Amino acid sequence: MAHLTARNSYHHLTQRLNRFPQGAPPSELLTRILSILFSEREAVLVAALPLRPFTAAKAAKAWGKSVGEAERILRELSSRALLVDIEQKGRMHYVLPPPMAGFFEFTMMRVRDDLDQKLLAELFEQYITVEDDFIKALFVDGETQLGRVLVGEDVLASKNDLHVLDYERATHMIESATAVGIGLCYCRHKRAHQGLACSAEMDICMTFNTVASSLIRHGHVHRVEITECKELLHKAWEQNLAQFAENVQSGVNFICNCCPCCCEAMIAHQRFGHQHPIHTSNYIAEAADNCSGCGRCLPVCPARVINLETEKDDGSGRRQAVIDEELCLGCGVCVRVCHLQALRMKPRPQRVITPVNSVHKTVKMAIERGTLEHIIFDNQVLWSHRALAALLGAVLRMPPVKRSLASSQLGSRYLEQLCRKFDF
């Protein structure tokens, strides 16, 4: 019976994870991963936690424990980066992050002796990269994705540079962050345990703001100053790494510096590019007539969407780089390596829309993935009026079709009337 109890514990935890838009499809591999990270008792407790940030008092009420005991458990989970603790006005709040981008990555952001990281790396590789369910749920389902590619600011012509907004610039994200932490790249660290990592910089994963503060507090990343982080950004450019950031305009929590061979987001795009698993930048790379067909751009393209073609069907004539504009991420890495300056960035015909903040992104993802009711009607712990107002405001800012879908999912006459009233 003990094994059935354990299975039920992780089953309930899996259900809790999948009430959020960025979940984790059930499988034996997921159960093994969760059993390494959480004890059976912890799995039961975490499954009862609300979706939105909560205090120790709310956790104590959900668990039927004293506030002091709840605080002890929450601190322990936060110390292992399974929860993120956020200090607001002298009071600690907690939140269970999604697996991605979240507590899966946190297990590999430093070398740890409390976990079998080699075994975890093997399980992550099988669950995320080999099997399709997780990577499709994370990167393919819905139109709004968790991350977006940033254009390299050093590869834009001056006329285009003027049109790059602050929230599209990695430098602005760094300069505006309230805290900056640097840790090991989850993807390359995972691959290193399998003997498959490339030679790109390892200690270069950038976290910001509230997530950085929590991870710094518990030693999972090390605090750096803004100038040092910007130096790391330039090192990433020098190593032809593409920047993959959280898909929001403000309060960005991470920038990954991605290679085409190890990065799970880039691998997802290489496999499922036509389903748009990653939001692109507002630029596309194109080859000019003076391209020599040297091929230096091919291996550095994180999307693997550049080919060399000849001018004539019989294979004779001059070769030239041809870029699949439908699949181009707009990172500009190829432009950086072209010694003839035959590659350049041009604006996309239509600008890519980026959610305003994490609330806006979460609501859009939840509507598209059919989980919005879990966020609004979080039956573990009730929301404050302020949080509910923020969520409703995000819904009302959406296009009419999206708002209609939201009201249909909620089954709420009140929200339906609001959506009709604010038809703008």
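Of note:
- Any hit, region 125-140, residues being in a loop (DSSP other than H, G, I, E, B), of a type in the set (Gly, Ala, Ser) and touching a residue at least 24 places away in the same chain (Cβ under 8 Å): no
- Note on region 18-37: among residues that are assigned to a helix (DSSP H, G or I) and of a type in the set (S, T, N, Q), the one that is surrounded by the fewest Cβ atoms within 10 Å (Cβ to Cβ) is 35.
- Search result, residues across region 94-137 that are closer than 24 Å to residue 247 by Cα and of a type in the set (Lys, Arg): 136
- When residue 39 is tested against (1) at pLDDT below 95; (2) more than 21 Å from residue 135 (Cα to Cα); (3) not charged (D, E, K, R), exactly one condition is not met: (1).
- Here residue 95 meets each of (1) touching an Asp or Glu at 6+ places or on another chain (Cβ under 9 Å); (2) within 27 Å of residue 357 (Cα to Cα); (3) surrounded by fewer than 18 Cβ atoms within 10 Å (Cβ to Cβ) with one exception, condition (3).
Residues checked against (1) within 18 Å of residue 278 (Cβ to Cβ); (2) not in a strand (DSSP E or B):
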position: 145; (1), (2): yes, yes
position: 148; (1), (2): yes, no
position: 154; (1), (2): no, yes
position: 181; (1), (2): no, no
position: 190; (1), (2): no, yes
position: 203; (1), (2): no, yes
position: 227; (1), (2): no, yes
position: 236; (1), (2): yes, yes
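- Residue 19 meets each of the listed conditions (1) modelled with pLDDT under 95; (2) touching a helix residue (DSSP H, G or I) at 6+ places or on another chain (Cβ under 8 Å); (3) on the phi > 0 side of the Ramachandran plot apart from (3).
- The lone criterion from (1) closer than 24 Å to residue 186 by Cβ; (2) crowded, with 16+ Cβ neighbours inside 10 Å left unmet by residue 114 is number (2).
- Count of region 325-360 residues which are in contact with a strand residue (DSSP E or B) (Cβ under 8 Å, 6 or more places away or on another chain) and among the basic types (Lys, Arg): 3
- Evaluation of residue 210 against (1) in a helix (DSSP H, G or I); (2) without any contact (Cβ under 8 Å) to a residue 60 or more places away in the chain; (3) over 24 Å from residue 116 (Cα atoms) (one fails), failing number: (2)
- Residues being part of a strand (DSSP E or B), in contact with a Leu (Cβ under 9 Å, 6 or more places away or on another chain) and of a type in the set (D, E, K, R) - total across region 50-87: 1
- Checked against (1) over 20 Å from residue 110 (Cβ atoms); (2) under 17 Å from the mean Cα position of the chain (by Cα); (3) hydroxyl-bearing (Ser, Thr, Tyr), residue 207 passes all but a single condition, namely (1).
- Unmet criterion (only one of (1) within 26 Å of residue 179 (Cα to Cα); (2) free of Cβ contacts under 8 Å to residues at least 24 places away in the same chain; (3) of a type in the set (Lys, Arg)) for residue 91: (2)
The values are calculated or read from the model by the stated rules, or taken from the named source; none is laboratory data. Owing to the predicted nature of the structure, the values given are computational and were not obtained by experimental measurement. Cβ coordinates were reconstructed from backbone atoms using ideal geometry, including for glycine residues, and neighbour counts include every protein chain displayed.
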